[in-house]
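Presented below is the structure to which this report refers.
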Amino acid sequence: MTDDDLWLDALLDDELDASASLALQRRLAAEPALQRRFDERRALRDAVREQATRHAAPDAMRANLQAMLATPAGAPASARVPRERASAHRRVALPWLTGVCGALAATLCTLSIVDPGALGWHRLDEVAQQQTAEASEAVSAHTRALLVDHPIEVASSDQHTVRPWLSARLNFVPPVVDLVDKGFPLIGARRDVLAGETAAALVYRHGAHMISVFVEPAEPNAPAGAEATRVVRGFNVIERTQGGLAFCFVSDVNPKDLRTLADLVTPLAGK
Amino acid sequence: MHEDVQARFAASVLPHLDAAYNLARWLVRDAHDAQDVVQDALVRALRHFDGFRGGDPRPWLMAIVRNAAFAWLGARRPGEVDVPDDELDAALADGAPPSNPEALAIRRAERREIDAAIAALPIAFREAVVLRELEELSYRDIARITDVPIGTVMSRLSRARHLLAVALRPEATRSLA
């Protein structure tokens, strides 16, 4: 394999910009060996595209999904799939019954959240459950931002760009500061929705790790200085209330570095 | 889970169910296991769907399926997902470069042979081929889905095509027969 192959493939895949494409086509016209190589590549590509199997989703699985998603979420599981059918299609139906039906949140939280803090408690009271749910939602928002196209709506390391952008779109003003000199360059910000409320999401980088900092107005009765640290689905989460704002720091960075960032950001709240 | 969210989820995701299943099927290489992976992925997707606003749902869903497949393999067949780069390089060095004239014979290779050649690729190359050739996603989308830089997508795809060309050479297909 040569570097030429990379270019030939990119041309084949229509991924070159106009000038690079033109330059390569000129080379192809001048170099028969390169043209032959390109023809081989294309023949292979065409053969794979025409002949390789595209596996279609099995009808039973599709039918199950359609039935599940067309059914009102409040209906009890047993009302949706007859027992016999559930056992006949056990492999297909059971994960959906446990996953999608009424107990969705509870089941998934049990399965997917590793929460050492919660495990040590004798009693998970309502407040703690709600906090766990919020942390879980923050982790979802963080991972979603990493997965989906645009983790950032305003890409700037300039706090004087990011802060006005956010305050124009939110009814509160989050503290925005570039911490590049402390090892946490500000990448930008976006709006996100946590528990139905619009939050500011500041995005910092630390080494190879992305860190989301969610900021929203604190609940009126939230104690100032309240703090919780937990691990949710492999992500470290620090929640902190300060200066009338609720902060939630989420990242796969180690807890010590996440706390360093929290200690740098939260003292600025309310200023 | 509100009904309208469920309906929106169904409208966004169900049209891509074949693509989701195809990717899972090629990654785990088993029809039943692929169903498990797709179901796991859709549960995750539904959980995260509240915040998915606009954009193309296909790469978003494919990324979730891909991660679910890797998690599934990591738990059950870790040897298939922990392939160090030098092993990929070794896989590449195994075959001599295909020589020119017979390459066009690849076109006549049978479906069975092409499927077998793709299935035999190391997983990093296999997913690149499936996402590019079968799902016809852009380099950019493939980079996002597989969580690597675009340059890595390009080199993996190029190496994958090289390995396929070697595997599908007429000599190779004859010796298989």
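The values are calculated or read from the model by the stated rules, or taken from the named source; none is laboratory data. Since this is a predicted model, take the numbers as computed values, not measurements. Cβ sites come from the backbone with ideal geometry, for glycine too, and all protein chains shown count toward neighbours.
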Yes/no for B:Asp4 being surrounded by fewer than 19 Cβ atoms within 10 Å (Cβ to Cβ) and of a type outside the set (A, V, I, L, M, F, W, C): yes
Residue in the range B:22-44 that is closer than 22 Å to A:Arg190 by Cβ and either outside the structural domain of B:Ile123 (by TED's automatic domain parsing) or touching a Gly at 6+ places or on another chain (Cβ under 6 Å) (or both) present: yes
Selection from the range A:30-41 of residues that are under 13 Å from A:Asp13 (Cβ atoms) and within 10 Å of chain B (Cβ to nearest Cβ): A:Arg41
B:Leu104 vs. criteria modelled with pLDDT under 90 and surrounded by 13 or more Cβ atoms within 10 Å (Cβ to Cβ): yes
Search result, residues across the range A:159-184 that are touching a strand residue (DSSP E or B) at 6+ places or on another chain (Cβ under 9 Å), more than 20 Å from A:Ala218 (Cα to Cα) and at pLDDT below 85: A:Gln159, A:Thr161, A:Trp165
Within the range B:21-49, tally of residues that are under 19 Å from B:Glu136 (Cβ atoms) and either of a type outside the set (A, V, I, L, M) or facing chain A (nearest Cβ under 7 Å) (or both): 4
Residue selected from the range B:70-101 under the condition among the small types (Gly, Ala, Ser) and either in a helix (DSSP H, G or I) or at pLDDT 75 or above (or both), by the criterion nearest to A:Asp3 (Cα to Cα): B:Ala93
Evaluation of B:Ile123 against (1) at the interface with chain A (Cβ under 9 Å from one of its Cβ atoms); (2) surrounded by fewer than 23 Cβ atoms within 10 Å (Cβ to Cβ); (3) not small (Gly, Ala, Ser) (one fails), failing number: (1)
Conditions (1) modelled with pLDDT of 90 or more; (2) in contact with a helix residue (DSSP H, G or I) (Cβ under 7 Å, 6 or more places away or on another chain); (3) loosely packed, with under 14 Cβ neighbours inside 10 Å: number failed by A:Glu31: (2)
The listed residue being more than 24 Å from B:Arg29 (Cβ to Cβ) and within 35 Å of the chain's Cα centre (by Cα), out of A:Leu16, A:Leu34, A:Leu22: A:Leu16
Search result, residues across the range B:126-146 that are facing chain A (nearest Cβ under 8 Å) and assigned to a helix (DSSP H, G or I): B:Val129, B:Arg132, B:Glu133, B:Leu134, B:Tyr139, B:Arg144
